[in-house]
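Engineer: Attaching a single structure in structure tokens format; questions to follow.
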Amino acid sequence: MASKRLIASIFVKDGIVVKSYGYNFWRPAGHLATALQNLDRWAVDEIVVLDISRNGRIDKRILGEIKKSKISTPLVYGGGIRSNDDIHELLNVGCDRMVLETLLIGHEKVLYEIADTVGNQALIGSLPITHVDGNLFTNFKSFDHTNQNTSHSRLSISEALEMYRKLPISEILAIDTDNEGNHGSFSQKLFLVVSNLMKSENDKNLIWFGGLDITKSIELLKFSKTVGIVFGNVNFEFELKIPFIRQELLRSEASSVLRQTNFY
């Protein structure tokens, strides 16, 4: 059985690395190349770079920083991907896989063209989830650059998972958007709702993100469909946080599913 992945995320907004809180508040956190190099040294299994600027295009500054970093850790990129040309640009600077969101709804032609280029295994579908009046819904956002406004696509979790079963993606990045950036606040209800709906053999594997801590990570790692867990802000708040998290998890009942490293 393949090891489950301990993943680090880096948010970028307008070319600058930021710490994000619920996707609504941001604080600057440095330069992308430096952040990538630090995480590369800390032996994470994968790094996810997410551009949350919502400008509808690939930011050339990000591409330059990725190329400059010269890291060897597998790299995933999401944000502003609209075409096959974007995919080629990302591959050229060393991105291994891509997170897609906007293209998942109403852009099937482009989505399948991209899948033909890189294969389903290279594509991850973003699944942002929010609480609305006590219920859980998706929170897909699309920015209209002509009218300068943001539209929201809300689906039930059941509807979203059914849609994802049919799409050419290999994994789902399930994001607790309400608690993203707040360590230890990941929604237990979100996990229970999503995990209980995953009964089909066509369900995609899951990566969990948003407010995780050690205790919640152990529970998520024990779920059969989990292939990865993501930590974000804590990597900019504490030195060597990811190696510490790995060591704590390796001492837990989740130890058998994680990769051992020689960091220490």
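Read the figures in this text as sums done on the coordinates, not as results from a lab. Not measured: the values here are computed from a predicted model. When we count neighbours, we look across all protein chains shown, and the Cβ atoms used for this are built from the backbone with ideal geometry, even at glycine.
Engineer: Normalised by the residues of the chain, what does the relative contact order come to in percent, with Cα pairs under 8 Å and at least six apart?
Structural biologist: Reported as a whole number, the value is 19 percent.
Engineer: Using helices alone, what [θ] at 222 nm do you get for the chain, with -39,500 (n - 2.57) per DSSP H run of 4 or more residues, divided over all residues and rounded to the nearest 500?
Structural biologist: Result for the chain, helices only: -9000 deg cm²/dmol.
Engineer: Looking at 163, 220, 202, which one has the Cα that reaches farthest to the positive end of the dipole of the range 5-257 (charges on Cβ: Lys, Arg +1; Asp, Glu -1)?
Structural biologist: Comparing the listed Cα positions along the dipole, 220 ranks first.
Engineer: Calculate log10 I(q)/I(0) of the range 80-237 for q = 0.13, 0.19, 0.21 Å⁻¹, where I(q) comes from the Debye formula with a single equal point scatterer on each Cα and nothing for solvent.
Structural biologist: So the normalised log intensities work out to -0.64, -1.31, -1.47.
Engineer: Taking the alpha-carbon set of the range 188-235, what are its Rg and Dmax in Å?
Structural biologist: Every Cα atom of the range 188-235 included, Rg and Dmax give 11.1, 35 Å.
Engineer: One-quarter of the Cα convex hull surface for the chain, in nm²?
Structural biologist: With every direction weighted equally, the projected area is 13.4 nm².
Engineer: To continue, here is another question. Charges only on Cβ, +1 for Lys and Arg, -1 for Asp and Glu: so what's the dipole of the range 5-257 about the Cα centre, in debye to the nearest 20?
Structural biologist: With Lys and Arg at +1 and Asp and Glu at -1, about 300 debye.
Engineer: Mind checking which of 235, 135, 38 has the largest fluctuation in a GNM of the chain, springs on alpha carbons under 10 Å?
Structural biologist: Residue with maximal mean-square fluctuation among 235, 135, 38: 135.
Engineer: Would you mind telling me which residue in 108, 171, 46 has the biggest mean-square fluctuation in a Gaussian network model of the chain, where springs connect alpha carbons within a distance under 10 angstrom?
Structural biologist: Comparing 108, 171, 46 in the GNM, the peak value goes to 108.
Engineer: Could you work out the local net charge near residue 158, counting Lys and Arg as +1, Asp and Glu as -1, over the other residues with Cβ closer than 15 Å to its Cβ?
Structural biologist: Computed value for this residue: +3.
Engineer: For each of 23, 77, count neighbouring Cβ atoms within 10 Å of the residue's Cβ, then give the residues from fewest to most.
Structural biologist: 23, 77
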